[in-house]
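Below: one structure, written as structure tokens.
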Amino acid sequence: MARLQAVALNWGPTIVFNVALPWLTYEVLTDRGVPAVTALAVSAAWPALEVLGVFLIRRRIDDFGVLALVVVGLGVAASLVFQDERMALVKDSALTGLFGLVLLGSLLAPRPLMFYFGRKFGTDGTDEGLARWNDLWQYAGFRRVQRVLTVVWGVAYLAEAAVRVVLAYTLPTSTMVLISTVLPIAVTAGLVTWTITYARRARAAAARANPATLSSA
């Protein structure tokens, strides 16, 4: 029960400030005639507020909140560039592709982006849970897994973006609207399924090779 409460406290504010409130703000503003770019920019206030709150309360940066701000920023940039009907469909592909590039670019950082995603999804958000996850970085196998995950997710999103761009200019708009809705969900669901399977196999292999890895997780 205590673990469940910790997970709820970890994810509750994240979902509210990075998903629910930005979406609600965007919908309300656009329904009232506010331009999409302006509505997107205003909706970024919620994840920014969460990042600030986490820093003031816990003295650390909320990785997911920062990512939400990056995504909103990419959305604003894409909205400014793409205007006509076809280009509006391409806009979503550009956002996905840019996110794929961000993932791949993070491989140049000391720790890739999927390490921080894993820390958010794989821990209860407590200082102890975060510390255990951070300690896993000392193992070469764990580092390799995080980099493989980052490469696969980055390449997959780039490929999905490329496919949607091609389809946007070859299929009727009505068909493409449906595909633009279904394809990202299907790709993400496939990636999540693969990630869970791959991570479990990698963790089992690491535990066989070094039992200390399992006890640290």
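For region 188-204, putting each phi into the Karplus relation 6.51 cos²θ - 1.76 cosθ + 1.60 with θ = phi - 60° gives couplings of 5, 4, x, 5, 5, 4, 5, 4, 4, 5, 5, 5, 5, 5, 5, 5, 5 Hz, in residue order, rounded to whole numbers and with x for Gly and Pro.
Give me the net charge for the shell around LEU24: Cβ to Cβ below 14 angstrom, other residues only, Lys and Arg +1, Asp and Glu -1. Intermediate values should be presented prior to the final figure.
On the way: positive: ARG32; negative: GLU27, ASP31.
Every neighbour counted, the sum reads -1.
Neighbours of TRP137 by Cβ distance under 9 Å: Lys/Arg scored +1, Asp/Glu scored -1, total +1.
Bear in mind these aren't lab numbers, they're just calculated from the coordinates by the rules spelled out. Keep in mind it's a predicted model, so treat the numbers as computed, not measured. For neighbour counting, all protein chains shown are included, and Cβ atoms are generated from backbone atoms with ideal geometry for every residue, glycine included.
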